[in-house]
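Beneath this line is the structure, given in structure tokens, with notes to follow.
The values are calculated or read from the model by the stated rules, or taken from the named source; none is laboratory data. Model, not experiment: these values are computed from the prediction. Please note: Cβ atoms are built from the backbone with ideal geometry, for glycine as well, and neighbour counts cover all protein chains shown. The accessibility values were calculated without ligands, DNA or RNA, using every heavy atom of the protein model including side chains. Shrake-Rupley method; radii C 1.70, N 1.55, O 1.52, S 1.80 Å.
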Amino acid sequence: MDEQLFFKKLNNLCTSKEIFYFLSSLEVMSDTMASGALQRISEVEVDDNGLKNPGLLENEVFRALCFQFEFESSKLSNTGLLNALQALIKLRIDPQSTLMASLLSESEERLGKGQLTAENLCALGESLLELEGPSCATLEQIVNHMQEKDVERWSPREIVMVYKILQVTVREGKQCQNLLNRLNGVTLRTVSQLSPNFASVVLNSLVVLHQTRAVPLITALCKHSVKHVPYFTDHELVNVLEAFLYFGQKVQAFTEALERHVPKSILTMHPQTVSEVMQYCCKKMILSKPIFDAVAESFLSNADRLTTDQIAAYIIPFGTLNYLPPNASSLFRQLETVLHTRLRHFQPHTLLNLLHSCVLIQRYPINFLPKIFSPYFLQKLQAQPPGLNRAVMSQLTQLFLTVTLECPFYEGPKLFSKYQVKAFPTLHSSPDVHLFKRVKTGLLYLLKKRIYFASEVSTPYSYVVDIEIKLDEEGFVLPAAQLEEVHRRIALCVDGQNRFCAHSHNLLGEEATKQRHLQLLGYEVVQIPFFETENLQNTGKMADYLHKKIFPCTYGLSN
């Protein structure tokens, strides 16, 4: 039978029984046809749970096919040999059997003689990865032969397979950077042809191989991923999210695609995938209400099935990005129930991160704070990485400050002063340099002298006030250094974009908490957000704006 007709008929058959009946009607088959038959059997008889019908391995037609491959391996074409090897691996044939040993030995012999094409090398590499894993020594030999091949002629499937092999054999990418540069260049021209699976694999490989200089390829792949969002498997989507984070990519259309996909797919998504989506939003400071609302609803029905790390991943972004979903009451009641039953299962740092995020949105974990402030728990924090570093102690301090200022009825253990920081880190809270300078210039124009305001003022409560202005009882501005007769203190919060969620006017949780606490500490808080000042073209307009914000009625200068 003509090979083209053979494969047309073969691909229309849907069970091994039909395939065996078809094969028994043929008098002669080429090795390519025989290996194709094995591949078709593996396609219809193997699913995620393995071999559907182990009895097929005893079928006489199947055994005859295997006999031909075992005892005539040296006469097989490269395609027949390697396709058969792939199919038999998928069918879970014992790797120690004489059949598999014969095919592997013949493949490696031809590899050593340089007889394999790029397509053959990819097929062999895929088989060895499946059979022996990344530790297989022959994979490096395959990579060496790959470097001699013409990359320009490779198909997308071959390109992806080479990335997968390099990913496990090279890691750092330095030894094969020349091959990778050629590969990255060819892949850039074929990005539009890549399937969801291929795009995900290439992005994952670029992360593992630290290809930070392949910017055009990374950008093209990230943009190409947008249309594949609804079709990615959970594992593929996680790879893509990790690549976006690793390479610092910002593609608004990708976020919009997630916003369409996640709410309608969340019931079927693996909890770890949902966790990765929330982590992506949190790290990118993306407050996506459609995603957050869907996750909040999902938590109500899935909380008991989540790991402690997944619980934290679901909840922490709400605090970080300062957002309460419509079902906030039910959400935090459910969280409290989960904490009561599973508190001891949480790792110390995970629990601290979780409870700290709750207070940022005024959800106070009063029942659990005695544990957090206990010497035993603090010792456990110290013993596990990252230990009691400044960031961890800042979280403890802000938790304690929140309880002190917002929960006066709390009578549990206090946080010892040695675990408190004198000033909170300014990673996100440091003022925007350009905006800060414009505001100070405007204030100088308004108040005439620099002595009437102080910048970056430390307080006894760990917070740093961007700009402080003191007023006496009659409302006159006092010199910043004056300590007596201070009746009112005004705290100007100069809020640049870094204090808000991305593309939003929503303050981040830590900044909103700071401003809330400053008010409770007696300050009059005046917010100077970037979006109110970006169109003020000169110092006079800035001064006029500040006059209206700080002294809406009147103001005066003391002598």
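Given the whole protein assembly as supplied and a 1.4 Å probe, what does the accessible area of TYR246 come to in Å², nearest 10?
Its heavy atoms expose roughly 100 Å² to the probe.
Taking only protein heavy atoms and a 1.4 Å probe, what accessible area per residue, in Å², does the chain have with all protein chains in place?
Details: 26980 Å² over 559 residues.
Per-residue value: 48 Å².
Order the following by accessible area, largest value first: PHE71, PHE377, PHE424. Probe radius 1.4 Å; ligands, DNA and RNA are ignored. Don't skip to the end; give the middle numbers.
Numbers: PHE71 130, PHE377 5, PHE424 30 Å².
Descending accessible area places them as PHE71, PHE424, PHE377.
Given a 1.4 Å probe and heavy atoms of the protein chains only, how would you sort SER30, SER73, largest accessible area at the top?
Values: SER30 35, SER73 15 Å².
Sorted by accessible area, descending: SER30, SER73.
Please report, in debye to the nearest 20, how large the charge dipole of the stretch 433-557 is about its Cα centre when each Lys and Arg carries +1 at its beta carbon and each Asp and Glu carries -1 there. Each step should come with its number before you reach the end.
Working: 15 positive and 15 negative charges, 76 e Å.
Approximately 360 debye in magnitude.
Beyond 21 Å, what percent of the Cα pairs of the stretch 1-115 remain? Could the numbers behind the result be given before it?
Numbers: 2203 of 6555 pairs.
Counting pairs separated by more than 21 Å, the tail of P(r) holds 34 percent.
For the stretch 1-115, what is the relative contact order in percent, using Cα pairs closer than 8 Å and at least 6 residues apart in sequence?
27 percent.
On the full set of protein chains, 1.4 Å probe, figure out the accessible area of THR273 and give it in Å² to the nearest 10.
Ignoring ligands and nucleic acids, THR273 comes out at about 10 Å².
Are any of the pairs LYS164/LYS250; LYS223/LYS264; LYS283/LYS549; LYS9/LYS223; LYS449/LYS548 more than 30 Å apart by Cα-Cα distance, and if so, which?
Numbers: LYS164/LYS250 25 Å; LYS223/LYS264 22 Å; LYS283/LYS549 32 Å; LYS9/LYS223 39 Å; LYS449/LYS548 19 Å.
Checking Cα-Cα distances, LYS283/LYS549; LYS9/LYS223 exceed 30 Å.
Report, ordered by chain and residue number, the lysines lying within cross-link reach of LYS8, taken as a straight Cα distance under 21 Å and ignoring same-chain residues fewer than 8 apart.
Within the straight-line cut-off, LYS8 pairs with LYS17.
Any idea which of GLN141, ILE93, LEU104 is furthest toward the positive side of the dipole for the stretch 93-145, if Lys and Arg beta-carbons carry +1 and Asp and Glu beta-carbons -1?
Among GLN141, ILE93, LEU104, the one farthest towards the positive end of the dipole of the stretch 93-145 is GLN141.
If I ignore ligands, DNA and RNA and count only protein heavy atoms, how much of MET285 is accessible to a 1.4 Å probe, in Å² to the nearest 10?
So the heavy atoms of MET285 present about 40 Å² to solvent.
Quick one: angle between helix 234-247 and the longest Cα principal axis of the chain, in degrees between 0 and 90, rounded to 10, please.
Between the helix axis and the principal axis of the chain, the angle is about 50 degrees.
Any idea what angle helix 156-169 forms with the longest principal axis of the chain, computed on alpha-carbon atoms, 0 to 90 degrees, nearest 10?
Helix 156-169 and the main axis of the chain meet at about 70 degrees.
Within the chain, what whole-number % of the accessible surface is contributed by carbon and sulfur, with the 1.4 Å probe and all protein chains included in the calculation?
On the way: 13590 of 26980 Å².
After summing per-atom areas, the C and S share lands at 50 percent.
Taking Cα pairs under 8 Å and at least six residues apart, what relative contact order does the chain come out at, in percent?
7
Given Cβ point charges of +1 (Lys, Arg) and -1 (Asp, Glu) and nothing else, what value in debye, to the nearest 20, does the dipole of the chain about its Cα centre take?
So the dipole magnitude of the chain works out to roughly 2060 debye.
Rounding to the nearest 10 and keeping the result within 0 to 90°, find how far the Cα-based axis of helix 196-208 lies from the longest principal axis of the chain.
70
Give me the net charge for the shell around ASP47: Cβ to Cβ below 13 angstrom, other residues only, Lys and Arg +1, Asp and Glu -1.
Numbers: positive: LYS52, LYS90, ARG92; negative: GLU43, GLU45, ASP48.
Local net charge: 0.
Can you give me the pair-distance distribution of the chain, C-alpha pairs, 20 Å bins, whole percents?
P(r) for the chain, in whole percents per bin: 17, 36, 29, 14, 4, 0.
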